[in-house]
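Engineer: Following this message is one structure expressed as C-alpha coordinates.
The values are calculated or read from the model by the stated rules, or taken from the named source; none is laboratory data. Quantities reported herein were computed from a predicted structural model and do not represent experimental measurements. Cβ placement follows ideal geometry from the backbone for every residue including glycine, while neighbour counts extend to all protein chains displayed. The area values use the complete protein model at the heavy-atom level, side chains included, leaving out ligands, DNA and RNA. Shrake-Rupley method; radii C 1.70, N 1.55, O 1.52, S 1.80 Å.
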Amino acid sequence: TFSRLPDRHREVLEKRLIGVYCVENFIGTGMADYVLGPDNEVYAQLVLHPRVFEMNASQILSLRANTAFRSDDEEMELVIDLSNEVSGLDYIVLHESTHIVDYVERHTPYVEPGMYELFGRSGRNTSFTDEVWSDYRTLNPTVEFEFQEDLRYYGLGGDPGLSNRDLKAVYSALAQTPFASLYASFSWAEDFAEFVTFYYLVYGFGAHYEIRVMRDGESLFTYQPMDSLIVAVRAGLIEPDLLRSELPQKNIE
(Lines give C-alpha, C1' and ligand atoms only; values in the text may rest on other atoms or scores of the structure.)
Protein backbone atom coordinates (compact mmCIF):
# COMPACT_ATOMS: atom_id res chain seq x y z
CA THR A 1 0.00 0.00 0.00
CA PHE A 2 2.71 2.49 0.93
CA SER A 3 4.64 1.64 -2.24
CA ARG A 4 1.62 2.68 -4.33
CA LEU A 5 1.41 6.15 -2.79
CA PRO A 6 2.26 9.17 -4.97
CA ASP A 7 5.95 10.05 -5.01
CA ARG A 8 5.48 13.26 -3.02
CA HIS A 9 3.56 11.40 -0.28
CA ARG A 10 6.23 8.70 -0.01
CA GLU A 11 9.01 11.28 0.20
CA VAL A 12 7.26 13.08 3.06
CA LEU A 13 6.46 9.85 4.92
CA GLU A 14 10.02 8.56 4.62
CA LYS A 15 11.29 11.69 6.36
CA ARG A 16 8.48 12.48 8.80
CA LEU A 17 6.36 9.41 9.68
CA ILE A 18 7.51 8.14 13.07
CA GLY A 19 5.01 5.35 13.71
CA VAL A 20 1.97 3.39 12.54
CA TYR A 21 -0.36 2.03 15.23
CA CYS A 22 -3.33 -0.34 15.05
CA VAL A 23 -5.91 0.39 17.75
CA GLU A 24 -8.81 -2.07 18.14
CA ASN A 25 -11.26 0.29 19.87
CA PHE A 26 -10.40 3.34 17.81
CA ILE A 27 -13.41 5.42 16.76
CA GLY A 28 -13.43 5.65 13.01
CA THR A 29 -11.06 3.97 10.59
CA GLY A 30 -7.89 6.03 10.63
CA MET A 31 -6.26 9.22 11.85
CA ALA A 32 -3.08 11.15 11.24
CA ASP A 33 -1.68 13.38 13.96
CA TYR A 34 1.31 15.67 14.10
CA VAL A 35 4.21 15.53 16.56
CA LEU A 36 6.73 18.30 17.13
CA GLY A 37 10.34 17.27 16.84
CA PRO A 38 13.64 19.12 17.27
CA ASP A 39 13.55 22.79 16.27
CA ASN A 40 9.74 22.55 15.95
CA GLU A 41 9.96 20.37 12.85
CA VAL A 42 6.66 18.61 12.20
CA TYR A 43 6.54 14.82 12.27
CA ALA A 44 3.49 12.57 12.17
CA GLN A 45 1.98 9.31 13.35
CA LEU A 46 -0.71 7.19 11.73
CA VAL A 47 -3.45 5.34 13.65
CA LEU A 48 -5.49 2.61 11.94
CA HIS A 49 -8.49 0.57 13.01
CA PRO A 50 -7.82 -3.13 12.22
CA ARG A 51 -11.01 -3.30 10.15
CA VAL A 52 -9.26 -1.41 7.34
CA PHE A 53 -7.37 -4.66 6.61
CA GLU A 54 -10.63 -6.57 6.13
CA MET A 55 -12.88 -4.13 4.27
CA ASN A 56 -12.65 -2.66 0.78
CA ALA A 57 -12.77 1.08 0.19
CA SER A 58 -16.46 1.07 -0.75
CA GLN A 59 -17.33 -0.51 2.59
CA ILE A 60 -15.14 1.94 4.51
CA LEU A 61 -16.58 4.96 2.70
CA SER A 62 -20.19 3.78 3.06
CA LEU A 63 -19.66 3.06 6.76
CA ARG A 64 -18.31 6.54 7.42
CA ALA A 65 -20.92 8.37 5.36
CA ASN A 66 -23.81 6.55 7.01
CA THR A 67 -22.68 7.56 10.50
CA ALA A 68 -23.73 11.13 9.60
CA PHE A 69 -27.38 10.09 9.25
CA ARG A 70 -30.00 8.83 11.69
CA SER A 71 -31.71 5.65 10.48
CA ASP A 72 -35.26 7.02 10.45
CA ASP A 73 -36.31 5.07 7.35
CA GLU A 74 -35.22 1.42 7.18
CA GLU A 75 -35.75 1.30 3.42
CA MET A 76 -33.32 4.13 2.66
CA GLU A 77 -29.79 3.15 1.72
CA LEU A 78 -26.64 5.12 0.97
CA VAL A 79 -23.88 3.36 -0.97
CA ILE A 80 -20.50 4.87 -1.79
CA ASP A 81 -19.13 2.76 -4.63
CA LEU A 82 -15.41 2.68 -5.36
CA SER A 83 -13.82 0.07 -7.62
CA ASN A 84 -13.41 -3.24 -5.78
CA GLU A 85 -9.67 -3.37 -6.37
CA VAL A 86 -9.24 -0.35 -4.07
CA SER A 87 -8.87 -1.79 -0.57
CA GLY A 88 -9.89 -0.08 2.62
CA LEU A 89 -6.22 0.19 3.52
CA ASP A 90 -5.41 1.82 0.16
CA TYR A 91 -8.02 4.53 0.73
CA ILE A 92 -7.22 5.20 4.38
CA VAL A 93 -3.46 5.37 3.93
CA LEU A 94 -3.78 7.70 0.92
CA HIS A 95 -6.28 9.95 2.73
CA GLU A 96 -4.33 10.10 6.00
CA SER A 97 -0.95 10.50 4.33
CA THR A 98 -2.40 13.49 2.46
CA HIS A 99 -3.10 15.02 5.88
CA ILE A 100 0.53 14.32 6.77
CA VAL A 101 1.73 16.07 3.61
CA ASP A 102 -0.49 18.99 4.65
CA TYR A 103 0.94 18.98 8.19
CA VAL A 104 4.48 19.15 6.85
CA GLU A 105 4.05 21.38 3.78
CA ARG A 106 1.06 23.51 4.88
CA HIS A 107 -1.12 23.37 1.76
CA THR A 108 -4.13 24.60 3.75
CA PRO A 109 -3.92 27.76 5.88
CA TYR A 110 -3.53 25.46 8.90
CA VAL A 111 -4.45 21.80 9.09
CA GLU A 112 -6.29 22.11 12.39
CA PRO A 113 -6.78 24.82 15.02
CA GLY A 114 -3.93 23.54 17.21
CA MET A 115 -1.46 24.14 14.41
CA TYR A 116 -2.65 27.72 14.08
CA GLU A 117 -1.86 28.32 17.75
CA LEU A 118 1.65 26.93 17.26
CA PHE A 119 2.62 28.21 13.82
CA GLY A 120 0.00 30.68 12.58
CA ARG A 121 -1.31 30.56 9.01
CA SER A 122 0.58 28.95 6.19
CA GLY A 123 3.03 31.15 4.35
CA ARG A 124 2.25 29.53 0.99
CA ASN A 125 -0.57 30.33 -1.44
CA THR A 126 -3.70 28.46 -0.27
CA SER A 127 -6.13 29.28 -3.08
CA PHE A 128 -7.70 25.80 -2.97
CA THR A 129 -8.95 26.56 0.54
CA ASP A 130 -9.45 30.31 0.32
CA GLU A 131 -11.92 30.12 -2.58
CA VAL A 132 -14.30 27.91 -0.56
CA TRP A 133 -13.67 28.50 3.15
CA SER A 134 -13.63 31.55 5.40
CA ASP A 135 -12.46 29.53 8.42
CA TYR A 136 -11.58 25.97 9.34
CA ARG A 137 -15.21 24.78 9.41
CA THR A 138 -16.98 27.82 7.95
CA LEU A 139 -17.85 28.05 4.27
CA ASN A 140 -17.56 31.24 2.26
CA PRO A 141 -20.96 32.90 1.69
CA THR A 142 -20.62 32.10 -2.02
CA VAL A 143 -20.72 28.34 -1.29
CA GLU A 144 -24.25 27.23 -0.48
CA PHE A 145 -24.61 23.92 1.37
CA GLU A 146 -27.25 24.15 4.06
CA PHE A 147 -26.51 20.71 5.54
CA GLN A 148 -22.83 21.34 6.30
CA GLU A 149 -23.26 22.63 9.84
CA ASP A 150 -25.19 19.49 10.84
CA LEU A 151 -22.44 17.05 9.87
CA ARG A 152 -21.19 14.76 12.64
CA TYR A 153 -19.44 11.44 12.13
CA TYR A 154 -18.99 8.31 14.26
CA GLY A 155 -21.02 9.83 17.08
CA LEU A 156 -18.37 12.46 17.77
CA GLY A 157 -20.02 15.69 18.86
CA GLY A 158 -23.36 13.99 19.53
CA ASP A 159 -25.95 12.00 17.64
CA PRO A 160 -26.18 12.38 13.84
CA GLY A 161 -27.50 15.77 12.86
CA LEU A 162 -29.10 14.54 9.64
CA SER A 163 -31.85 12.04 8.88
CA ASN A 164 -31.53 9.36 6.23
CA ARG A 165 -34.93 10.50 5.01
CA ASP A 166 -33.04 13.51 3.63
CA LEU A 167 -30.33 11.55 1.80
CA LYS A 168 -31.53 12.56 -1.66
CA ALA A 169 -31.81 16.23 -0.67
CA VAL A 170 -28.36 16.22 0.96
CA TYR A 171 -26.57 14.63 -1.98
CA SER A 172 -28.51 16.63 -4.56
CA ALA A 173 -27.28 19.75 -2.77
CA LEU A 174 -23.75 18.35 -2.53
CA ALA A 175 -23.73 17.94 -6.31
CA GLN A 176 -23.95 21.74 -6.61
CA THR A 177 -20.83 22.26 -4.49
CA PRO A 178 -17.08 21.95 -5.21
CA PHE A 179 -16.59 19.04 -2.77
CA ALA A 180 -15.30 15.59 -3.73
CA SER A 181 -17.42 13.93 -1.02
CA LEU A 182 -19.79 14.80 1.78
CA TYR A 183 -16.96 14.29 4.25
CA ALA A 184 -14.93 16.87 2.34
CA SER A 185 -17.40 19.57 3.40
CA PHE A 186 -16.67 18.93 7.09
CA SER A 187 -13.55 21.15 7.23
CA TRP A 188 -10.93 22.56 4.91
CA ALA A 189 -8.45 19.88 6.05
CA GLU A 190 -10.85 17.11 5.00
CA ASP A 191 -11.67 19.00 1.80
CA PHE A 192 -8.01 18.96 0.79
CA ALA A 193 -7.41 15.35 1.82
CA GLU A 194 -10.52 14.03 0.09
CA PHE A 195 -9.87 15.93 -3.15
CA VAL A 196 -6.26 14.75 -3.45
CA THR A 197 -7.26 11.19 -2.53
CA PHE A 198 -10.07 10.90 -5.07
CA TYR A 199 -8.02 12.71 -7.70
CA TYR A 200 -5.39 9.97 -7.51
CA LEU A 201 -7.89 7.12 -7.25
CA VAL A 202 -10.03 8.30 -10.20
CA TYR A 203 -7.51 9.95 -12.52
CA GLY A 204 -4.41 7.99 -11.55
CA PHE A 205 -5.73 4.49 -10.88
CA GLY A 206 -8.84 4.64 -13.05
CA ALA A 207 -11.17 3.81 -10.17
CA HIS A 208 -14.91 4.23 -10.63
CA TYR A 209 -16.32 6.46 -7.88
CA GLU A 210 -20.07 6.82 -7.53
CA ILE A 211 -22.53 7.79 -4.80
CA ARG A 212 -25.95 6.12 -4.83
CA VAL A 213 -29.02 6.98 -2.78
CA MET A 214 -31.53 4.12 -2.87
CA ARG A 215 -34.88 3.31 -1.36
CA ASP A 216 -36.25 -0.23 -1.27
CA GLY A 217 -33.73 -1.24 -3.94
CA GLU A 218 -34.66 1.60 -6.31
CA SER A 219 -32.09 4.25 -7.21
CA LEU A 220 -33.25 7.75 -6.25
CA PHE A 221 -30.06 9.67 -7.02
CA THR A 222 -26.59 8.90 -8.40
CA TYR A 223 -23.61 11.20 -8.51
CA GLN A 224 -19.99 10.89 -9.63
CA PRO A 225 -18.25 13.84 -7.96
CA MET A 226 -15.01 13.72 -9.95
CA ASP A 227 -17.01 14.00 -13.17
CA SER A 228 -18.35 17.37 -12.00
CA LEU A 229 -16.60 20.34 -13.58
CA ILE A 230 -17.07 22.43 -10.42
CA VAL A 231 -15.12 19.78 -8.50
CA ALA A 232 -12.51 18.82 -11.07
CA VAL A 233 -11.33 22.34 -11.89
CA ARG A 234 -10.06 22.72 -8.33
CA ALA A 235 -7.03 20.67 -9.34
CA GLY A 236 -5.73 23.90 -10.87
CA LEU A 237 -5.63 25.44 -7.39
CA ILE A 238 -3.22 22.83 -5.99
CA GLU A 239 0.52 22.92 -6.56
CA PRO A 240 1.20 21.09 -9.84
CA ASP A 241 4.06 19.11 -8.29
CA LEU A 242 1.64 17.56 -5.80
CA LEU A 243 -0.78 16.41 -8.51
CA ARG A 244 1.34 14.52 -11.00
CA SER A 245 1.08 16.06 -14.46
CA GLU A 246 1.62 12.68 -16.15
CA LEU A 247 -1.69 11.29 -14.85
CA PRO A 248 -4.16 10.54 -17.65
CA GLN A 249 -6.85 13.18 -17.88
CA LYS A 250 -10.48 12.08 -17.78
CA ASN A 251 -13.04 13.89 -19.89
CA ILE A 252 -15.22 16.18 -17.78
CA GLU A 253 -18.74 16.93 -18.90
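Engineer: Take the alpha carbon gyration tensor of region 102-240, find the square roots of its eigenvalues, order them as a ≥ b ≥ c, and report rounded if a/c is under 1.5; if not, report prolate when a/b exceeds b/c, else oblate. Intermediate values should be presented prior to the final figure.
Structural biologist: Details: a/c = 2.06, a/b = 1.38, b/c = 1.49.
Cα axes put region 102-240 in the oblate bin.
Engineer: Counting other Cβ atoms within 10 Å, which GluC sites (Glu not before Pro) in region 146-191 have at most 15 and lie in a DSSP loop?
Structural biologist: Sites meeting the loop and neighbour criteria: E146.
Engineer: Relative to the longest principal axis of the C-alpha atoms of the chain, give the angle of the C-alpha long axis of helix 7-16, reported between 0 and 90° and rounded to the nearest 10°.
Structural biologist: Relative to the chain, helix 7-16 is tipped by roughly 60 degrees.
Engineer: Let me ask another. Give the shape of region 136-218 as rounded, prolate or oblate, defined through the alpha-carbon gyration tensor: a ≥ b ≥ c are the square roots of its eigenvalues, a/c under 1.5 means rounded, and otherwise the shape is prolate if a/b is larger than b/c and oblate if not.
Structural biologist: Here region 136-218 falls in the oblate category.
Engineer: What GluC sites (Glu not before Pro) does region 7-37 have in DSSP loop regions with at most 16 other beta carbons within 10 Å?
Structural biologist: Taking region 7-37 and a limit of 16 other Cβ atoms within 10 Å, the loop GluC sites (Glu not before Pro) found are E24.
Engineer: According to the square roots a ≥ b ≥ c of the eigenvalues of the Cα gyration tensor, what is the shape class of the chain, taking rounded for a/c under 1.5, prolate for a/b larger than b/c otherwise, and oblate for the remainder?
Structural biologist: Cα axes put the chain in the rounded bin.
Engineer: Taking the 0 to 90 degree range and rounding to the nearest ten, how far is the long axis of helix 88-105 tilted relative to the main principal axis of the chain, both from C-alpha atoms?
Structural biologist: Once rounded, one gets 40 degrees.
Engineer: Write out the trypsin sites (Lys or Arg not before Pro) in region 75-148 meeting two conditions: DSSP loop, and at most 12 other Cβ atoms within 10 Å of their Cβ.
Structural biologist: Passing sites in region 75-148 are R121, R124.
Engineer: Further, regarding this structure: Over the chain, with every protein chain in place, what whole percent of the accessible area is carbon and sulfur at 1.4 Å, could you tell me?
Structural biologist: After summing per-atom areas, the C and S share lands at 46 percent.
Engineer: Let me ask something else. At 1.4 Å probe size, what's the solvent-accessible area of F69? Round to the nearest 10 Å².
Structural biologist: F69 exposes around 10 Å² with every protein chain in place.
Engineer: Using heavy-atom solvent-accessible surface (probe 1.4 Å) with all chains present, what is the largest-first order of M76, M55, M226?
Structural biologist: The ranking, largest first, comes out as M55, M76, M226.
Engineer: Helix 57-66: angle to the longest alpha-carbon principal axis of the chain, degrees 0 to 90, nearest 10?
Structural biologist: The angle comes out at about 70 degrees.
Engineer: Continuing with this model, one more query. Please work out the average accessible area per residue across region 145-253, using the 1.4 Å probe convention, and give it in Å².
Structural biologist: About 44 Å² of surface per residue is accessible.
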